[in-house]
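Input: a single structure, listed below in structure tokens.
The values are calculated or read from the model by the stated rules, or taken from the named source; none is laboratory data. Owing to the predicted nature of the structure, the values given are computational and were not obtained by experimental measurement. For neighbour counting, all protein chains shown are included, and Cβ atoms are generated from backbone atoms with ideal geometry for every residue, glycine included. Note: areas computed on protein heavy atoms with side chains; ligands, DNA, RNA excluded. Shrake-Rupley method; radii C 1.70, N 1.55, O 1.52, S 1.80 Å.
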Amino acid sequence: MPNEQRQLELEKLAAAVCAAHDRYYYEMDEEDFADELEDDDGEDEAYTAWHQAILRQREIGFDAFAAETKQKFADAALTGEDLHFLMTHYNYDAGAGLPLWVIAHPACTLATAQQVYWLCQPAAFYQDHGSPQNVQEDSIHFHIARLLVAIEEKARSGGFAQAPEHIAAMLDADEVAQIPAAPLDKIPAALWQGLV
């Protein structure tokens, strides 16, 4: 587990990445933005980082901020342990942006991928759509489906780093219970072997 200082750095980076994928505050007019966004009292450093990211995004533009943040993410010297920490503490209500970047990172471990994959409930995508690839772009579930597809593709190619010290520790009984109900013949074996 990263030390306390590194955890704070990772939380700040995650806040910026989440802002880089969210147009909500960026597209607000100034009056609504002033009413909506609380002033930052500086008490919570992760919130402060998010607040500053939103202000920076509005200052330089959505695409420029996303590119700047993507470069910061690439330059952050992230380890498999860092990426696992980010996903263990991630609130999926913030969207699929950060998980997509984590999964694409070369240091992402198979255990982290398993954790993200099963928390996103792939069995439901197979049941409702036949496959995550069939989810339409206008669906509220499109970004999570895209994340599932990215995980499956990287697992099929053997692209995840191996880290025996990492296990998909955040999977609770409900997530593990869904594994046998999933169409395992369609899901790469690396994503479920050893979990059931």
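Inside the stretch 47-77, can you point out the residues that are hydrophobic (A, V, I, L, M, F, W, C) and under 19 Å from Glu30 (Cα atoms)?
Trp50, Ala53, Ile54, Leu55, Ile60, Phe62, Phe65
Enumerate the helices (runs of 4 or more DSSP H) found wholly within the stretch 114-196, keeping only those where 3 or more residues are open to solvent by 30 Å² or more (accessible area, probe 1.4 Å) and at pLDDT 95 or above.
Passing ranges, in order: 142-156.
Does the stretch 115-148 hold any residues that are free of Cβ contacts under 8 Å to residues at least 40 places away in the same chain and closer than 21 Å to His84 by Cβ, and which are they?
Val116, Cys120, Leu148
I'd like the full set of residues that are modelled with pLDDT of 95 or more, surrounded by 15 or more Cβ atoms within 10 Å (Cβ to Cβ) and acidic (Asp, Glu), limited to the stretch 63-81.
The one that is modelled with pLDDT of 95 or more, surrounded by 15 or more Cβ atoms within 10 Å (Cβ to Cβ) and acidic (Asp, Glu): Glu68.
Return the residues of the stretch 87-113 that are of a type in the set (Phe, Trp, Tyr), outside any loop (DSSP other than H, G, I, E, B) and farther than 26 Å from Glu59 by Cα; say none if nothing qualifies.
Of everything in the stretch 87-113, just one residue is of a type in the set (Phe, Trp, Tyr), outside any loop (DSSP other than H, G, I, E, B) and farther than 26 Å from Glu59 by Cα, namely Tyr92.
What number goes with the only condition from (1) open to solvent by 10 Å² or more (accessible area, probe 1.4 Å); (2) of a type in the set (A, V, I, L, M); (3) under 21 Å from Leu147 (Cβ atoms) that Ile60 does not pass?
Just one mismatch for Ile60, condition (3).
Exactly one of (1) at pLDDT 95 or above; (2) under 12 Å from Ile151 (Cβ atoms) is unmet by Leu98. Its number?
Of the numbered conditions (1) at pLDDT 95 or above; (2) under 12 Å from Ile151 (Cβ atoms), the odd one out for Leu98 is (2).
Would you check if there is a residue in the stretch 24-43 being among the small types (Gly, Ala, Ser), closer than 24 Å to Leu100 by Cα and open to solvent by less than 70 Å² (accessible area, probe 1.4 Å)?
No: the stretch 24-43 contains no residue that is among the small types (Gly, Ala, Ser), closer than 24 Å to Leu100 by Cα and open to solvent by less than 70 Å² (accessible area, probe 1.4 Å).
Can you pull out every residue in the stretch 11-60 that is in contact with a helix residue (DSSP H, G or I) (Cβ under 6 Å, 6 or more places away or on another chain) and touching a residue at least 60 places away in the same chain (Cβ under 8 Å)?
Result: Glu11, Ala14, Val17, Cys18, Ala20, His21.
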